[in-house]
1. For VAL79, only one of the following conditions fails: (1) open to solvent by 40 Å² or more (accessible area, probe 1.4 Å); (2) more than 21 Å from PRO41 (Cβ to Cβ); (3) under 14 Å from the mean Cα position of the chain (by Cα). What is its number?
2. Based on what the data block shows, is SER123 among the small types (Gly, Ala, Ser) and in contact (Cβ under 8 Å) with a residue 60 or more places away in the chain?
3. Kindly list the number of the only condition in (1) in contact with a Ser or Thr (Cβ under 8 Å, 6 or more places away or on another chain); (2) open to solvent by 30 Å² or more (accessible area, probe 1.4 Å); (3) at pLDDT below 95; (4) on the phi < 0 side of the Ramachandran plot that fails for PRO41.
4. Among the residues of the stretch 44-55, what is the count of those that are open to solvent by 60 Å² or more (accessible area, probe 1.4 Å) and under 13 Å from PHE101 (Cβ atoms)?
5. Can you confirm whether ALA97 is in contact with a Pro (Cβ under 9 Å, 6 or more places away or on another chain) and either farther than 21 Å from TYR110 by Cα or surrounded by fewer than 17 Cβ atoms within 10 Å (Cβ to Cβ) (or both)?
6. Could you please find all residues in the stretch 8-41 being assigned to a strand (DSSP E or B) and farther than 16 Å from TYR74 by Cβ?
7. All but one of (1) of a type in the set (D, E, K, R); (2) modelled with pLDDT of 95 or more; (3) surrounded by fewer than 20 Cβ atoms within 10 Å (Cβ to Cβ) hold for ASP90; which doesn't?
8. Being on the phi < 0 side of the Ramachandran plot, among the aromatic types (Phe, Trp, Tyr), modelled with pLDDT of 95 or more and touching a strand residue (DSSP E or B) at 6+ places or on another chain (Cβ under 8 Å) is the requirement here; does TYR74 meet it?
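The values are calculated or read from the model by the stated rules, or taken from the named source; none is laboratory data. Note that the structure is predicted; figures quoted are calculated from it, not measured. Neighbour counts are summed over all protein chains in view; Cβ atoms, including those assigned to glycine, are modelled from backbone coordinates with ideal geometry. Heavy atoms of the whole protein, side chains included, go into the accessibility calculation; ligands, DNA and RNA do not. Shrake-Rupley method; radii C 1.70, N 1.55, O 1.52, S 1.80 Å.
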Amino acid sequence: QVQLVESGGGLIQAGGSLSVSCVASGITFSSTGMGWFRQAPGKNREFVAAITRSAGNTYYGDSVKGRFTISRDYAKNTVYLQMNSLKPEDTAVYYCATGTFVAIRDPSTYKYWGQGTQVTVSS
């Protein structure tokens, strides 16, 4: 049974930094790419970042490029999202996901999802 469990969300002031993590189980972690998405109230789920199974390539949404960094730790079966220079518009529930990794920016191509962790950025 595949499980993705996010943690690390919280309330942070604008301009601050926060790291969220996602522990994966039930998959061969080294064989799958991982992605982060976010969803704000009333909005569609938005691509944030993705990392290939070898960690050789990373991808970012335009709105977070240069501020967020995705990484992974194979020993811990964990993928991280380091978020710097946070803005109020970054407020959302953040989800990690994995799947076929065919179209990394399209949430419909991801089969497995975590429950999400809330990130709230105050102005």
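1. Failing condition for VAL79: (1).
2. yes
3. (1)
4. Within the stretch 44-55, residues that are open to solvent by 60 Å² or more (accessible area, probe 1.4 Å) and under 13 Å from PHE101 (Cβ atoms) number 2.
5. In short, no.
6. Result: GLY10, LEU11, ILE12, GLN13, LEU18, SER19, VAL20, GLY35, TRP36, PHE37, ARG38, GLN39.
7. Result: ASP90 fails condition (3) only.
8. Taking the combined requirement at face value, the residue does not satisfy it.
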